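Asks: Would you mind keeping the following structure in view while I ask a few things?
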């Protein structure tokens, strides 16, 4: 019977509120599949490069420009080969400029349900930070700026976020159904593109 891995994905460095997702994935999915699953579950747009880090091992989409480190192809490594027992962990980094690091923890291994559809987003908390907002520090600054009309960056940040007069940026917002839909869309897109989103 197909094995399902229950994972918790926690965005590191952001605590007020914390941002995390719990997802169920097939053990036979690749790390590249997991990249796309996390993108959709979190709310990222897959607009930047990524890598998984396990000790001194790196997994991602190899590029001829990677002369400074050895990068294993994430399309050839199954999640179940890396996360084998409960509490196993791996780091997922997205956008090397903003360096969003997510701690991925294996919480449980279960049998697939006969009527189950995977990947499956179980629950989550916290809104995904906007793309290109400057990493953890930039996101904290953004949250402060948009709630204080006296802040020097108040108008600029609201304009950048395209907020109308009565709009409020809600860092706690999380819509399970919406993120499940986005997760499935990016997962299926990844199956089609096979990692060719970026032309190296």
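Every number in this text was worked out from the coordinates using simple rules, so none of it is lab data. Keep in mind the model is a prediction, meaning the values are calculated, not measured. Cβ coordinates were reconstructed from backbone atoms using ideal geometry, including for glycine residues, and neighbour counts include every protein chain displayed.
Asks: Could you work out how far helix 176-193 tilts from the main Cα principal axis of the chain, as a 0 to 90 degree angle to the nearest 10?
Replies: 60 degrees
Asks: Considering the convex hull of the alpha carbon atoms of segment 128-169, report its projected area averaged over all viewing directions, in nm², one decimal.
Replies: Answer in nm², one decimal: 2.8.
Asks: When N counts the residues of segment 67-151, how does its alpha-carbon radius of gyration compare numerically with 2.2 N^0.38 Å, as a ratio?
Replies: 1.51
Asks: With each pseudo-label sitting 7 Å past Cα toward Cβ, what's the residue 125-residue 89 distance in nm, one decimal?
Replies: The two pseudo-label positions are separated by 1.7 nm.
Asks: I'd like the orientation of helix 31-42 relative to the chain: the angle between its Cα long axis and the longest Cα principal axis, in ° from 0 to 90, rounded to 10.
Replies: Helix 31-42 and the main axis of the chain meet at about 30 degrees.
Asks: Using the 10 angstrom Cβ neighbour count as an exposure proxy, how do 132, 152, 33 rank, fewest first?
Replies: Going from least to most buried by this count: 152, 132, 33.
Asks: Simple spin-label model, 7 Å along Cα-to-Cβ: residue 114 to residue 151 in nm?
Replies: Calculated label separation equals 5.3 nm.
Asks: Could you compute how fast the chain diffuses translationally, taking Rh as the Kirkwood radius over C-alpha pairs and applying Stokes-Einstein at 20 °C with viscosity 1.002 mPa s? Give it in µm² per second.
Replies: 121 µm²/s
Asks: Could I ask something else about it? Using 0.36 nm per residue of separation minus the Cα-Cα distance, give me the extension gain between residue 99 and residue 168 in nm, one decimal.
Replies: 22.2 nm
Asks: Hey, what angle do you get for helix 135-146 against the long axis of the chain, alpha-carbon based, 0 to 90 degrees rounded to 10?
Replies: Approximately 30 degrees, to the nearest ten.
Asks: Further question: When each pair of different Cα atoms in segment 16-57 is counted once in the 1/r mean, what is the Kirkwood radius in angstroms, to one decimal?
Replies: So the Kirkwood estimate lands at 11.9 Å.
Asks: Suppose only helical runs count, i.e. DSSP H with n ≥ 4. What mean residue ellipticity at 222 nm does that imply for the chain under -39500 (n - 2.57) per run, divided by all residues and rounded to the nearest 500 deg cm²/dmol?
Replies: Mean residue ellipticity at 222 nm (helix-derived): -8000 deg cm²/dmol.
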